[in-house]
1. For D262 and K197, compute 0.36 nm times the residue count separating them, minus their Cα-Cα distance, and round to one decimal in nm.
2. For the chain, what does the helix formula give at 222 nm: sum of -39500 (n - 2.57) over DSSP H segments with n ≥ 4, over the residue count, nearest 500 deg cm²/dmol?
3. First compute the accessible area of the stretch 145-239 with a 1.4 Å probe, then give the percent of it belonging to carbon and sulfur atoms.
4. Go through K169/K280; K148/K197; K264/K313; K200/K280; K174/K200; K174/K225 and tell me which ones have a Cα-Cα distance over 20 Å in this structure.
5. I'd like the Kirkwood hydrodynamic radius of the chain, using the inverse of the mean 1/r over distinct C-alpha pairs, in Å.
6. Among rounded, prolate and oblate, which fits the stretch 189-327 when a ≥ b ≥ c are the square roots of the eigenvalues of its C-alpha gyration tensor, a/c under 1.5 means rounded, and a/b larger than b/c means prolate?
7. Mind checking which aspartates and glutamates have their Cα closer than 15 Å to the Cα of K4? Skip sequence neighbours fewer than 8 apart in that chain.
8. Averaged per residue, what accessible area in Å² does the chain show with a 1.4 Å probe, protein chains only?
Amino acid sequence: MKPKIQDVAKVAGVSPTTVSRVLNDRGYISSKTKEKVFAAMKEINYVPNDLARSLYNKRSYLIGVIVPSTSNPFFGELVAYIENICDERGYKVLLCNSLHEADKEKKYWEMLRRNQVDGVIVVTYNRGLVDKNQQFPAVAIDHYLSEKIHVVSSDNFQGGEMASRELIKAGCKKIIHINGDASLETPANNRQYAYEKVMKEAGRTPETYHVPDVAFLESSIDIIKQLFEEHPDVDGIFASDDLLAVRTMQYAENLGYRVPQDLKIIGYDGTSLIRSIYPKLTTIIQPTYQIAENAVETLIQEIDGKTYDMKEKTFPVSLWKGETTGG
């Protein structure tokens, strides 16, 4: 039979109420008493019932995280930071990989709420995921899900300007941008708007190709192929994702382009993984840790009942100068 709280109390020589207060960290309990309770728990192999504790505290200390795919370096790094930051603040994470499937995301959303998580961090492109009038604590990263949901992202416009100007500075004459799905409502669209602004200021005609999903490379190869077929004279490419930039570079080299002599390429995200595997790739670095930290802290404050007038927070980006843009 599983040991109960009364068994812990008997072995520790205290009341069940005292054991409960130790487990739930309520009221003053001396260090000596806490040591006796924890020693008794270890002696009889007692495991606290988290569900019962959550009902008692009216908080589960669980945070749900929905992402398209942790196989993408940016999402993988983001989730790792979120999990570590949550752990430092006494929360555990329930991770859901949606694979960008709207039905799966809705099921995860409902599952997380049924399991009484305290809040959810959402990294998804499906705006219809949440009801616009919902009051459940939630924070979105780089996506607009509802007018009431706080959004955290990098300064995508700054990043788009930085990437575009880097290619112009490198001497590129025919610069093309590859972005994600244009129909999505996301701050990442500002990368394209910034690119268009810089091109027009330089007296050039902007040209953007849209891949169906930057998180899944196999769906992007046809667009990359189309780009080179329609613009064989391209000498500069700004890709809105590092893996997309690498895939474009590989395809171009197979066609006989030399990087950076014939074609210069710059990516976006700048994760530690990409910078260690492809250090030569010039890219825009997103401050992933700051994004994760702000998302967690904002969500915990919402869980605590605080509200914000400001619904969007952006963090500045930086340039990782590799060799794919020359010089």
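1. Details: separation 65, 0.36 × 65 = 23.40 nm, distance 2.46 nm.
Taking 0.36 nm per residue and subtracting the Cα distance, the gain is 20.9 nm.
2. Working: 12 runs with 141 residues, N = 327.
Roughly -13500 deg cm²/dmol at 222 nm, from the helical runs in the chain.
3. Numbers: 1910 of 4000 Å².
On the stretch 145-239, the fraction of accessible area on carbon and sulfur atoms equals 48 percent.
4. Working: K169/K280 18 Å; K148/K197 30 Å; K264/K313 32 Å; K200/K280 29 Å; K174/K200 13 Å; K174/K225 17 Å.
Pairs exceeding 20 Å: K148/K197; K264/K313; K200/K280.
5. Values: mean 1/r = 0.0451 Å⁻¹.
Computed over the chain, the radius equals 22.1 Å.
6. Numbers: a/c = 2.16, a/b = 1.88, b/c = 1.15.
Verdict is prolate for the stretch 189-327.
7. Within the straight-line cut-off, K4 pairs with E43, D50.
8. On the way: 16140 Å² over 327 residues.
On a per-residue basis, the chain sits at 49 Å².
The values are calculated or read from the model by the stated rules, or taken from the named source; none is laboratory data. The model shown is predicted, which means the values in this text are computed figures rather than measured ones. Surface accessibility is based on the protein's heavy atoms, side chains included, excluding ligands, DNA and RNA. Shrake-Rupley method; radii C 1.70, N 1.55, O 1.52, S 1.80 Å.
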